[in-house]
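Okay, structure first, notes after.
Please treat every number below as a calculation from the coordinates, not as lab data. All figures in this text were calculated on a predicted structure; none of them were measured in a lab. Cβ atoms come from the backbone with ideal geometry, glycine included; neighbour counts cover every protein chain shown.
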2 protein chains.
Amino acid sequence: MPATAPAAVRLAVVDSDSGFVRVLAKRLGAVGWRAQLLPTPPPVEELQVMRLHAIVIDTALLGSEAWTYIEHLCGQAAAPVVVICTGPSSVAQRVRGLRLGADDWVTKPCHPEEVLARVEAAVRRRRAGELSSQPIEPIVGGELEIRPDMFEAFVGGRAVGLTRREFELLHLLAAAPGRVVPRERVYERVWGYAMAHGDRSVDVFVRKLRKKLEAASPGWVYLHTHFGVGYRFDPQEAEEKETEEVDR
Amino acid sequence: MPATAPAAVRLAVVDSDSGFVRVLAKRLGAVGWRAQLLPTPPPVEELQVMRLHAIVIDTALLGSEAWTYIEHLCGQAAAPVVVICTGPSSVAQRVRGLRLGADDWVTKPCHPEEVLARVEAAVRRRRAGELSSQPIEPIVGGELEIRPDMFEAFVGGRAVGLTRREFELLHLLAAAPGRVVPRERVYERVWGYAMAHGDRSVDVFVRKLRKKLEAASPGWVYLHTHFGVGYRFDPQEAEEKETEEVDR
DNA sequence: CCGCGATGTGAAAATCCTGTGAAGGGGTCG
DNA sequence: CGACCCCTTCACAGGATTTTCACATCGCGG
């Protein structure tokens, strides 16, 4: 994904140009955004109540109050993205609008698709800083609990003590439980590049992993070898064979 | 102040149009922004090392690689604000550029002041997003009380005496208690741009933080290192080790 | 049953990562 | 202008981790 996906946006379009609004609304519907169409600018307070993500507004409707209105609108605590879309203007006007807090200024006549793209870009940019921590679900298998948020695996609350590579290897295999992951894929996913001929890193790390997993969760086997192919994650309670009454 | 004050911005201008660049640079100096002027587009990796807040680029210099370049540039974890400033273009081209992650698209000929205002708006927009996601609620952990409203942490009512960066680092880590925050994420959240290879700022600040926290709240450990990954905030009352009977 | 290549194993060698102290630069304020 | 604060960068040390190597085992086909 090149940029953030165009998630749903609550948008208001304040414009009396019915032709423009109609075409814009059509495109709006196509991308699934909910939009309020307002032929006349409401008080800023009313817009505030709508909890909008973005607003497209033709400042021509505001008359002499335009600058005050924009300033007020953009000065709110949780101000929406403001895109001014109006007729011909001077550089000074555009600069003033942007400096007052507007996020973009599009000059009519313009293509609705571009207006949308610009709203999208502005919303994306604002959201970019917000949610970045992904709520990562743990993967459980057998006695193992693999927690991506800790870069660590646990058995009954005790950490296994994995290094970064070890964890990533385990995580990759456990993400496809029961399926064989080819050696080459392991290599390119965990190491990030193609496997060089004769490289044994994967084998060595599988061994380290098995050792630590055996120590942390004895009696279980998690990693299975598929000769000539790769490895498979599949938690199995092993048969006890040395000591007699290990299990009950 | 109508909107956010135009704080210092590290900007790169990638354009071979010396006339345009010269005029732009003049205005740049007037507002006190540091700017790199690049007549030819460097690899995206080099731009990353510069740790820019924003970049103004004429895509005409990129030739057929333009879209790929833009996508790569905007696809980074902590991508800078990207403003494309180039000659005549079609609606489809502008939409494509914006969808790929560009923040604005200005058509030449244009006034440097407007370009600046647009960069400013985009930077402001991003910073707004970063702030809005930060709750004002204090975070408590161990003896520590972290108060975002004061940019300071307290132990028993006494201020720890954190600098801005120290506070933001602590705040970020403490916002995800018990979870490991990767170094890159720390960097892009606290510093606001991608981490350059070999940068040790995070380590240095962790050390400063630990020192101050230890002084303010002795006997407690708050910051834990996860080798090869990052750091984790998790208040723990430390074992006393000067006295002999630590273990039995 | 044999041979060959693939895999398991253990340890040494090479590399990478973090802690730490300090120097240097840029900015701010009096 | 000078003092001070803060941030960045550097160099080095000590570990932890990863890679490499040599050899033992194992699986599969002939």
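Sort A:Leu209, A:Leu172 so that the residue with the fewest other Cβ atoms within 10 Å of its own Cβ comes first and the one with the most comes last. Write down the numbers at each step before the final one.
Working: A:Leu209 23, A:Leu172 16.
Going from least to most buried by this count: A:Leu172, A:Leu209.
Under the definition of partner shielding as Cβ atoms of other protein chains within 10 Å of a residue Cβ, what is the mean value for peptide B:109-120?
Details: counts 0, 2, 5, 1, 6, 7, 1, 3, 9, 6, 1, 3.
That works out to 4 on average.
Might you report the magnitude of the Cβ-based charge dipole of chain A about its Cα centre, with Lys and Arg at +1 and Asp and Glu at -1, to the nearest 20 debye? If you can, show how the numbers build up before the last one.
On the way: 32 positive and 33 negative charges, 168 e Å.
Dipole magnitude for chain A comes out near 800 debye.
I'd like the distance separating the alpha-carbon centroids of the stretch B:146-215 and the stretch A:59-106, in whole Å.
Between the Cα centre of the stretch B:146-215 and that of the stretch A:59-106, the gap is 37 Å.
If you build the convex hull over the alpha carbons only and average its shadow over all orientations, what do you get for the stretch B:1-76? Give it in nm² to one decimal.
Working: hull surface 23.0 nm².
Taking the Cα atoms of the stretch B:1-76, their convex hull projects to 5.8 nm² on average.
What is the spin-label model distance, in nm, from B:Thr163 to A:Glu237 if the labels are put 7 Å beyond Cα along the C-beta direction?
5.7
Using only C-alpha positions, report the orientation-averaged shadow area of the convex hull of chain A, nm², one decimal.
Details: hull surface 83.2 nm².
Over every viewing direction, the Cα hull of chain A projects on average to 20.8 nm².
I need the Kirkwood Rh of the stretch A:176-219: take the reciprocal of the average 1/r across all distinct C-alpha pairs and report it in angstrom. Before the final figure, lay out each step's value.
Values: mean 1/r = 0.0851 Å⁻¹.
Computed over the stretch A:176-219, the radius equals 11.7 Å.
Restrict the search to the stretch B:130-239; then list the trypsin sites (Lys or Arg not before Pro) that DSSP places in a loop and that have at most 14 other Cβ atoms within 10 Å of their Cβ. Walk me through the numbers before you get to the answer.
Numbers: sites: B:Arg158, B:Arg164, B:Arg165, B:Arg179, B:Arg183, B:Arg185, B:Arg189, B:Arg200, B:Arg207, B:Lys208, B:Arg210, B:Lys211, B:Lys212, B:Arg232; in loops: B:Arg179, B:Arg200.
Answer by residue number: B:Arg200.
P(r) for the stretch B:119-194: what percent of alpha-carbon pairs falls in each 5 Å bin, starting at zero?
For the stretch B:119-194, the binned pair fractions read 3, 14, 24, 24, 19, 10, 4, 2, 0 percent.
Suppose R0 equals 22 Å; then what is the FRET efficiency for B:Glu137 and A:Ala77 from their Cβ-Cβ distance, rounded to the nearest 0.05? Could the numbers behind the result be given before it?
Values: r = 16 Å, r/R0 = 0.71.
After rounding to 0.05, the efficiency reads 0.90.
Treating cross-link reach as a plain straight distance, find the lysines whose alpha-carbon is under 23 Å from the alpha-carbon of A:Lys108, omitting any fewer than eight places away in the same chain.
Cross-link targets: A:Lys26, B:Lys108.
Label-point separation (nm) for A:Val49 and A:Ser64, each offset 7 Å from Cα along Cα-to-Cβ?
My value for the distance between the label points is 2.9 nm.
So how long is each side of the protein assembly as shown along the principal axes, counting just the alpha-carbon atoms, biggest first, in Å?
Result, largest extent first: 90, 61, 45 Å.
May I ask you to list the trypsin sites (Lys or Arg not before Pro) in the stretch B:27-119 that are in a DSSP loop and have at most 14 other Cβ atoms within 10 Å of their Cβ?
Details: sites: B:Arg27, B:Arg34, B:Arg51, B:Arg94, B:Arg96, B:Arg99, B:Arg118; in loops: B:Arg51.
In loop regions of the stretch B:27-119 (DSSP not H, G, I, E or B), there are no sparsely surrounded trypsin sites (Lys or Arg not before Pro).
Could you tell me the ratio Rg/Rh of the stretch B:62-115? Both radii from Cα atoms, Rh via Kirkwood.
Details: Rg = 11.2 Å, Rh = 11.6 Å.
Over the Cα atoms of the stretch B:62-115, Rg/Rh equals 0.96.
Report, please, the projected area of the stretch B:146-245 averaged over directions, based on the convex hull of its C-alpha atoms, in nm². Before the final figure, lay out each step's value.
Numbers: hull surface 29.0 nm².
The number I arrive at for the stretch B:146-245 is 7.3 nm².
Please compute the volume of the convex hull spanned by the alpha-carbon atoms of the stretch B:101-151 and report it per residue in Å³.
Details: hull volume 4.6 nm³, N = 51.
Measuring per residue, one finds 90 Å³ for the Cα hull of the stretch B:101-151.
May I ask for the longest run of chain A untouched by chymotrypsin sites (Phe, Trp or Tyr not before Pro) that are loop-located per DSSP and have at most 11 neighbouring C-beta atoms (other than their own) within 10 Å? Display every interim value, and only then the final one.
Working: sites that count: A:Tyr193, A:Phe227.
In short, A:1-192.
Give the Kirkwood hydrodynamic radius (Å, one decimal) of the stretch A:29-161, defined as one over the mean of 1/r across all pairs of different Cα atoms. Each step should come with its number before you reach the end.
Values: mean 1/r = 0.0559 Å⁻¹.
Hydrodynamic radius (Kirkwood, Cα only) of the stretch A:29-161 equals 17.9 Å.
Tell me the mean residue ellipticity at 222 nm calculated for chain B from its helices only (DSSP H runs of n ≥ 4, each -39500 (n - 2.57), averaged over every residue, nearest 500). The partial results should precede the final answer.
Working: 8 runs with 92 residues, N = 248.
Computed ellipticity for chain B at 222 nm equals -11500 deg cm²/dmol.
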